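**Q** After the structure tokens below, expect a handful of questions from me.
The values are calculated or read from the model by the stated rules, or taken from the named source; none is laboratory data. Keep in mind that what you see is a predicted model, and the values were worked out from it rather than measured. Neighbour counts are summed over all protein chains in view; Cβ atoms, including those assigned to glycine, are modelled from backbone coordinates with ideal geometry. Each accessible area value is taken on the protein alone, full model and side chains, heavy atoms only, with ligands, DNA and RNA left out. Shrake-Rupley method; radii C 1.70, N 1.55, O 1.52, S 1.80 Å.
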Amino acid sequence: MMLTIAAFVLALGVLIAVHEYGHYRMAVACGVKVLRFSIGFGKTLVRWQPRGSSTEFVIGAFPVGGYVKMLDEREAPVAAEERHLAFNTQPLRARVAIVAAGPVANLLLAVLLYAVVNWMGVQSPAAILASPTAGSIAEHAGLIGGERVQRAGFEGGELQDVESFEDVRWVLTRGALEGHDVRLVLAGPARRTRGDVLLKLRSMDASEANADLFQKIGIVGPFTRPVIGEVVVGAAADKAGLHDGDVVRQVGSVPVVDGQQLRQLIRSSVVNGEAASAVWKITRAGTELEVSVKPESRQDGELVVGKIGAYVGAMPELVMIRYGAAGGLWRGMTRTWEVSALTLRMMGKMVVGEASLKNLSGPLTIADYAGKSAGMGFTQYLIFLALISVSLGVLNLLPLPVLDGGHLMYYLWEGITGKPVPDAWMERLQRGGVAILLLMMSIALFNDITRLFS
């Protein structure tokens, strides 16, 4: 719990500080006087003002946002000798630059974070596919498990080299959510020595990015050997005589390819509420053995599934992914662009009803992911920060009046007509923007509660 709270607060602090610093630096560069730079709201915890600076820096008690307060005639009287320092007296291009600098700073931070991960290197599962789920798109395409993906991309587009399973997962995610068929170039087991397959994702009902999405595709994880580990004393595996390190070759009459298939066979062993026993063929220390295994019936959500009380599947093969200075930076820019484009597309689909509002996440989900990523290591936490930074940058560019994108919308009107938006319209738009933002936050919080406590 403490790790989750610390990771969440650190993430909020960094992302908000970078966003507001973008506004601050651009305002200073444009000759605008900045009165206050605040991270957080509510009671002031820390306040300081550098010598020779007109800006007061503040950290508030509630780190859920921040602001940069500039000299502005619309908020308070401005002395004649300082009028040229006021925000509202600046030319249109300067005001646009100052407002846009916050979201741009978040996107640049994401590029840097992705680049740092690429430079440091990260251990990732190799791009070897597990056996596909029954009845899935991958099974219908002819995948059997054990294939190594060499290249992947959208049908009709350029195929890219694949270096890890995460590359495969990212292409599949984009293909399903954006409505593209995905082509995989493979090298694999004897039944598929080399070739390619087309996964027809265009016809999927991919309205939500969740675990069910990959179940439908059929590629839910990387290849793992069907090894038994961490047998619980007194559980079904222990009663059957299974040991740590046993390699499962066959369950009943079904040959076992990998850990994913073995888990599916165990889960689906329940018939009419009762798990059926089966003879397993295993290899133990080079010796072929047969054991009778009867899984235990367990409730899993709305389903009754089989469990054996042991860890099923070995660790996947890992590869180190690392890039040089130029390559890492380019990959960081590419990934930031792809995540931004996907985020905008999903938001657009939610507006027109083509994507589920369950895709919206709020502070509880973000805090949960912050803690989980921090627990997985420094590089995973950096990847999490990059993803949230992209989301924050894109969100603030939306044309909602209370966001930076709303102000840019006003300036677009001013640039086209030569006149600012009338005050009466400004007030109506602000109220509407607040209502929409509160609605989005309410939906996101409801999704959080449903997701974490259901």
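**Q** Go through the range 146-189 and report how many residues are open to solvent by less than 20 Å² (accessible area, probe 1.4 Å) and of a type in the set (Ser, Thr, Tyr).
**A** 1
**Q** Considering only helices (runs of 4 or more DSSP H) fully contained in the range 201-287, which possess at least 3 residues that are more than 26 Å from the chain's Cα centre (by Cα) and buried (at least 17 other Cβ atoms within 10 Å of the Cβ)?
**A** Values: elements: 211-217, 236-240, 259-267.
Fully inside the range 201-287 and qualifying: 236-240, 259-267.
Yes/no per residue for (1) modelled with pLDDT of 90 or more; (2) more than 28 Å from Thr4 (Cα to Cα); (3) among the polar types (S, T, N, Q):
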site: Gly301; (1), (2), (3): no, no, no
site: Leu318; (1), (2), (3): yes, no, no
site: Gly328; (1), (2), (3): yes, yes, no
site: Gly332; (1), (2), (3): yes, no, no
site: Thr336; (1), (2), (3): yes, no, yes
site: Ile366; (1), (2), (3): no, no, no
site: Ala374; (1), (2), (3): no, no, no
site: Leu387; (1), (2), (3): yes, no, no
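**Q** Name every residue in the range 334-389 that is aromatic (Phe, Trp, Tyr), touching a residue at least 40 places away in the same chain (Cβ under 8 Å) and touching a Phe, Trp or Tyr at 6+ places or on another chain (Cβ under 8 Å), in order of residue number.
**A** Selection gives Phe384 alone.
**Q** Go through (1) open to solvent by less than 30 Å² (accessible area, probe 1.4 Å); (2) more than 29 Å from Ala386 (Cα to Cα); (3) at pLDDT below 90 for Asp72 and report which single condition fails.
**A** (3) is the only condition that Asp72 fails.
**Q** Let me ask something else. Is it true that Met409 is within 28 Å of Ser124 (Cβ to Cβ), open to solvent by 60 Å² or more (accessible area, probe 1.4 Å) and of a type in the set (A, V, I, L, M)?
**A** When the stated conditions are applied, Met409 does not pass them.
**Q** Tell me which of these Ala86 doesn't satisfy, since it passes every other one: (1) touching a helix residue (DSSP H, G or I) at 6+ places or on another chain (Cβ under 9 Å); (2) within 16 Å of His23 (Cβ to Cβ).
**A** If we test Ala86 against (1) touching a helix residue (DSSP H, G or I) at 6+ places or on another chain (Cβ under 9 Å); (2) within 16 Å of His23 (Cβ to Cβ), just (1) comes out false.
**Q** Of the conditions (1) surrounded by fewer than 21 Cβ atoms within 10 Å (Cβ to Cβ); (2) under 29 Å from Ala97 (Cα atoms), Asp404 fails just one. Which one is it?
**A** Evaluating Asp404 over (1) surrounded by fewer than 21 Cβ atoms within 10 Å (Cβ to Cβ); (2) under 29 Å from Ala97 (Cα atoms) leaves (1) as the failure.
**Q** Can I ask one more? Considering only residues that are of a type in the set (Gly, Ala, Ser) and on the phi < 0 side of the Ramachandran plot, look in the range 288-303 and name the one that is surrounded by the fewest Cβ atoms within 10 Å (Cβ to Cβ).
**A** If we take residues in the range 288-303 being of a type in the set (Gly, Ala, Ser) and on the phi < 0 side of the Ramachandran plot, then Ser292 is surrounded by the fewest Cβ atoms within 10 Å (Cβ to Cβ).
**Q** Checking the condition in contact with an Asp or Glu (Cβ under 6 Å, 6 or more places away or on another chain) and either within 30 Å of Val162 (Cβ to Cβ) or among the charged types (D, E, K, R) (or both), which residue from Arg284, Arg322 passes?
**A** Only one candidate qualifies: Arg284.
**Q** Right, here's the next one. Are there any pairs with C-beta distances below 6 angstrom linking a residue in the range 415-432 that is modelled with pLDDT of 85 or more to a residue that is charged (D, E, K, R) and surrounded by 13 or more Cβ atoms within 10 Å (Cβ to Cβ), with the two at least 6 apart or on different chains, and if so which?
**A** Pro420/Glu414
**Q** Take the conditions open to solvent by 20 Å² or more (accessible area, probe 1.4 Å), over 30 Å from Phe378 (Cα atoms), in contact (Cβ under 8 Å) with a residue 40 or more places away in the chain and part of a loop (DSSP other than H, G, I, E, B) and apply them to Ala134. Does it pass?
**A** Judged against the criteria, Ala134 is a match.
**Q** Continuing with this model, one more query. Considering only residues of the range 1-56 that are among the hydroxyl-bearing types (Ser, Thr, Tyr) and open to solvent by 50 Å² or more (accessible area, probe 1.4 Å), which is farthest from Glu81 (Cα to Cα)?
**A** Only one residue tops the list, namely Tyr21.
**Q** Let me ask something additional. From (1) surrounded by fewer than 17 Cβ atoms within 10 Å (Cβ to Cβ); (2) under 20 Å from the mean Cα position of the chain (by Cα); (3) under 27 Å from Leu201 (Cβ atoms), pick out the condition that doesn't hold for Ser124.
**A** Evaluating Ser124 over (1) surrounded by fewer than 17 Cβ atoms within 10 Å (Cβ to Cβ); (2) under 20 Å from the mean Cα position of the chain (by Cα); (3) under 27 Å from Leu201 (Cβ atoms) leaves (1) as the failure.
**Q** With the checklist (1) over 30 Å from Val122 (Cα atoms); (2) free of Cβ contacts under 8 Å to residues at least 24 places away in the same chain in hand, flag the one item Ser292 doesn't pass.
**A** Here Ser292 clears every test but (2).
**Q** Is it the case that Thr343 is in a helix (DSSP H, G or I), in contact with a strand residue (DSSP E or B) (Cβ under 8 Å, 6 or more places away or on another chain) and open to solvent by 20 Å² or more (accessible area, probe 1.4 Å)?
**A** Working: in a helix (DSSP H, G or I): yes; in contact with a strand residue (DSSP E or B) (Cβ under 8 Å, 6 or more places away or on another chain): no; open to solvent by 20 Å² or more (accessible area, probe 1.4 Å): yes.
No.
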